[in-house]
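Heads up: the structure comes next, in structure tokens.
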Amino acid sequence: MGGWSISNLFRQFDLVLEAVRRGRPPHFLILHGGSAAERRKGFLRLAALLNCENTAEPGCGHCLACRKVMNFNHPDVYIVEPAKTSLGVEQVGELRSKLQRARYEGRYRAALIDRADKMTAEANNALLQLAEEPPPATVLVLSVDNGETILPTLRSRAQMVFFPVAAEDAAPEGDARALALAGGDAALAYEISLGGSEAAAERLARYEAVLAAGDFLRLWPLAAEWEREEVRLLLLTLAVRLREETAAGRAQPARLVLVKKALADLRYNVSPRLVLEVLTLRLLGRGGKGVGS
Ligand SMILES: [Zn+2]
């Protein structure tokens, strides 16, 4: 396979590929760090894996679908680059209409927006709409040197995938705790391990202690301390926990619904503190108004 294979450095990206192999492809990724060439290679690897015809060796690199992806002529794989110095709204619109058409021959469509930091404000808005209503069987990927240059509203909807620069190996390795917190979801495990799985486990334990004590006041210091991203990860790990407990008959499904509603509120930029307070009141069975109710 030669230059086709990705260096071992990209273990974080490998977690994404692993999620695809398990039949759980992401909808929206932001690849950042490393070099533009490495990120593009990663995108092609992902697009090939999504459409590979070789079930024995998915992402084989030599079946017809893989070769078309590698040669940039797979009809369901798109790469968009800034047409001029910036990437305009008409380019995003064009991509959007392509993604809304039926697929030609692939199982999945994959679209890469390269140098996504060059998007104009209008292009960003158009992309935000696309990310909010993703077309089915489509993986949307942004590639950018510095992930911080992407709008927070877009970042909050995407899975961030960091490509380490050569010789730097920040990849979280074999993080069993993150995988357990994520209920075996490799993509979520990756997100958890980025912020530290120990901290994530501690947040979950502290929050569960509030619920167990039935004491709403104990939430306040926590809600004041935790940032939006920390609250988001807390809710995601709490959802995993509740899903497991519901499956085991130890929790009411309605509790999981409440957590999902809180996650939706968080995505709509409701303050993380308010989201936590409302959720906690509801989980403690005190109803509570606000946040879209
Ligand atoms: Zn193949």
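Some notes on this structure:
- Criterion (buried (at least 17 other Cβ atoms within 10 Å of the Cβ), within 22 Å of the chain's Cα centre (by Cα) and free of Cβ contacts under 8 Å to residues at least 60 places away in the same chain) met by exactly one of Ala262, Ala176, Ala201, Ala189: Ala262
- Number of the condition not met by Val20 [criteria: (1) under 21 Å from the mean Cα position of the chain (by Cα); (2) exposed (fewer than 15 other Cβ atoms within 10 Å of the Cβ)]: (2)
- Region 209-259: number of residues that are touching a residue at least 12 places away in the same chain (Cβ under 8 Å) and either surrounded by fewer than 16 Cβ atoms within 10 Å (Cβ to Cβ) or of a type outside the set (S, T, N, Q) (or both): 30
- Counting only helices (runs of 4 or more DSSP H) that fall entirely inside region 35-154 and contain at least 1 residues that are within 16 Å of the ligand (Cβ to nearest atom), the qualifying elements are 36-51, 64-70.
For (1) under 22 Å from Ala158 (Cα atoms); (2) not hydroxyl-bearing (Ser, Thr, Tyr), each residue gets a yes or a no:
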| residue | (1), (2) |
| --- | --- |
| Ala182 | yes, yes |
| Ala187 | yes, yes |
| Tyr190 | yes, no |
| Ser193 | yes, no |
| Arg228 | yes, yes |
| Leu234 | yes, yes |
| Glu245 | no, yes |
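- Pairs, first touching a residue at least 24 places away in the same chain (Cβ under 8 Å) and farther than 19 Å from Glu18 by Cβ in region 52-73, second assigned to a loop (DSSP other than H, G, I, E, B) and near the ligand (Cβ under 6 Å from one of its atoms), C-beta under 7 Å, six or more apart: Ala65/Cys52; Ala65/Glu53
None of the figures in this text is laboratory data; all of them are computed from the coordinates on show. A quick note: this is a predicted structure, and the numbers were derived from the prediction, not measured. Reconstructed Cβ throughout: ideal geometry from the backbone, glycine too, with neighbour counts over all protein chains shown.
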